[in-house]
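Please read the structure below before turning to the comments.
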Amino acid sequence: MGNCCSDEMGGGGGHAGRHSVGPAAAAAAAAAEAASAAADRFLRSRGAGASTQVELSLSASNLGDQEFFTKSNPMVIVYSKSKEGALEELGRTEVILNSLNPSWNARINVHYQFEVYDIDPQFHDVNEKMLKLEEQQFLGEAVCLLSEVITKQNRLLTLKLGVSEHNLPNPSKFGELNVQVEESAGSKAIMEMVFRCSDLEIKDLLSKSDPFLLISRISESGVPVPICKTEVRKNDLNPKWKPENPLIIECFNFSSNGKHDLVGKIVKSVAELEKMYHSQDGENFFVPASTAHDSHSKEVLKSQVYVEKYLENNRQTFLDYISAGCQLNFMVAVDFTASNGNPRLPDSLHYIDPTGRPNAYQRAILEVGDVLQYYDPAKRFPSWGFGARPIDGPVSHCFNLNGSTYQPEVEGIQGIMSAYISALRNVSLAGPTLFGPVVSTATAIANQSLANNQQKYFVLLIVTDGVVTDFQETIDAIIKASDFPLSILVVGVGGADFKEMEFLDPNKGERLESSTGRVASRDMIQFAPMKDAHGSGISTVQSLLAEIPGQFMTYMRTREIQAIS
């Protein structure tokens, strides 16, 4: 199953070419857009994120020979590794007989997610009559991040084989492993469909329903995985939308409190949806029956859904751009306002624990940086602080974290950590909390890169402990930044009430509007308070990172920028 799209993504959020409308119509349109943004958030709360299916091709050279009379009979087992170090097998190759330079035909299917992934290929010398893994000789292993392979030229990475716990007869010779990644053909397919519903039930007391569709595919394990959702159709009982495992198409009545009522659903394969389009037959929605003794029973409704348009095509993907040489450049801005507390005291958010345990600021930087660093070959990251008074100077709302007057870049993630700790010793925490100068500085860098025709997209991480005081200046800076290759992640740390910060995230509040009446040309900023993990085990920072490929692709498509090697 390919990706799902609607013509929302085509840049309809821009300000250019917009027609003049009356106040009532404009208010209604704004309310509908805000509702759709909230429905986007509901989609992500169901676990949707930027992901695709890729295939690993494996070959090796100069493997260690563990046989006395013949060469080894190698095979590879590929694992994913969690942060806790637990291994989960993803797949294994066939056995190649009598070879120290094997090239395996078997492909290992891996679900690529931008914000996560660690793979661990291990080799075994296999006796073809005895395939019990614990009885095979171990030839070596290598560990890499999937992003390390994807960002290499031709998506090919060569790894030196080694050992961790196994005792091998000839430990000086392990050979090399070649890992190549190809995106599955189905992941490049885009299917455009137009849905229409009829005779929906009224769910609201004082008006008609405000429906939207949530579309999910059923994974091999049987768990629904959200793909996309339609826009919200306010006050409409007969709405129309554009947007071999079956899909679940659920119709919800939008509620501003986030508790959307299920109107009904259908379960259909892509082939069945195509057939519905050609026959123009409607399909009745159903809801699970209320009887507790039969979880499989359902109540068929009068309401129907129709497929009014069905097109298949291929398009360039996020991985196409990355493989063509487009880089993601990481930027950091750290809040040094006095509300963080005295850095010398353990209750401060900036306290540097002598045991090495990272504070909340360090954790946020590490979580984002550990993912983004592999998409930037130079690994030189602009890093700033704001809201502090450098020695013998006025309060600065954008100063270079490394203390340099002109050069904000530091070397690698460790360079950010070192500059951050050094800055704590050389500035006095002050205030207020202003984002505008930092956002404007990051935008200027993105603008200069664009002017130089560089294939770069920038991601600015702002870590803060409080609410901004320059609301309108920040909004103006964000709306200007939306025209450039830049995304902004804002992470709140500490126990402050961040509710007022939700104005930064269009998925959680009203649409941003500048002091001159302009709106953002696209969604490119997200805010979330720092939490260890959601119920799914995905951290807040990871959920924000999952937004980046979609924002990247929206920028590229709306500006018709092609992935060209």
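Rounded to whole Å and ordered largest first, report the semi-axes of the equivalent ellipsoid of region 380-433 derived from its Cα gyration tensor (root of 5λ).
Gyration-tensor ellipsoid for region 380-433: 19, 11, 9 Å.
List the relative contact order of region 357-419 as a percent without decimals, with contacts defined as Cα pairs under 8 Å and 6+ residues apart.
Answer for region 357-419 is 32 percent.
Please compare each pair in LYS83/LYS160; LYS456/LYS480; LYS152/LYS480 to a cut-off of 29 Å on the Cα-Cα distance and tell me which ones are over it.
Flagged as over cut-off: LYS152/LYS480.
Need the full-extension length gain, THR405 to LEU450, defined as separation in residues times 0.36 nm minus the C-alpha distance. One decimal, nm.
Value of the extension gain: 13.8 nm.
Going by amide H atoms built from the backbone, whose H comes under 5 Å of the H on LEU139, apart from near neighbours?
Here the answer is PHE123, HIS124, ASP125, since their amide H atoms fall under 5 Å of that of LEU139.
Rounded to a whole number, what % of the accessible area of region 241-380 do carbon and sulfur atoms account for, probe 1.4 Å?
48 percent
Which FRET efficiency value, to the nearest 0.05, is calculated for ASN62 and ASN109 with the Förster distance at 25 angstrom and r the Cβ-Cβ distance?
The computed FRET efficiency comes out at 0.35.
For region 332-415, treating each Cα as an identical point scatterer without solvent, what Debye log10 I(q)/I(0) comes out at q = 0.10, 0.20, 0.25 1/Å?
-0.28, -1.05, -1.31
Of all the Cα-Cα pairs you can form in region 318-559, what percent are over 33 Å apart?
12 percent
Leaving out ligands, DNA and RNA but keeping every protein chain, what accessible area does ASP465 have, in Å² rounded to the nearest 10, with a 1.4 Å probe?
10 Å²
Using θ = phi - 60° and the Karplus relation 6.51 cos²θ - 1.76 cosθ + 1.60, list the HN-Hα couplings for region 343-355 in order, rounded to whole Hz, with x at every Gly or Pro.
x, 7, 9, x, 7, 7, 5, 9, 5, 9, 5, x, 6
Between ASP497 and ASP392, 0.36 nm times their residue separation minus their Cα-Cα distance comes to what?
Residue separation times 0.36 nm, minus the Cα-Cα distance, leaves 34.5 nm.
Taking a 30 Å limit on the Cα-Cα distance, which of the listed pairs LYS203/LYS309; LYS268/LYS531; LYS259/LYS531 fall beyond it?
The answer is LYS268/LYS531.
Report, as a whole number in µm² per second, the diffusion coefficient that Stokes-Einstein gives for region 434-528 at 37 °C and 0.692 mPa s using the Kirkwood radius over alpha carbon pairs.
This corresponds to a translational diffusion coefficient of 242 µm²/s.
The values are calculated or read from the model by the stated rules, or taken from the named source; none is laboratory data. Please read these numbers as outputs of a predicted model, since none were measured by experiment. Cβ atoms come from the backbone with ideal geometry, glycine included; neighbour counts cover every protein chain shown. Note: areas computed on protein heavy atoms with side chains; ligands, DNA, RNA excluded. Shrake-Rupley method; radii C 1.70, N 1.55, O 1.52, S 1.80 Å.
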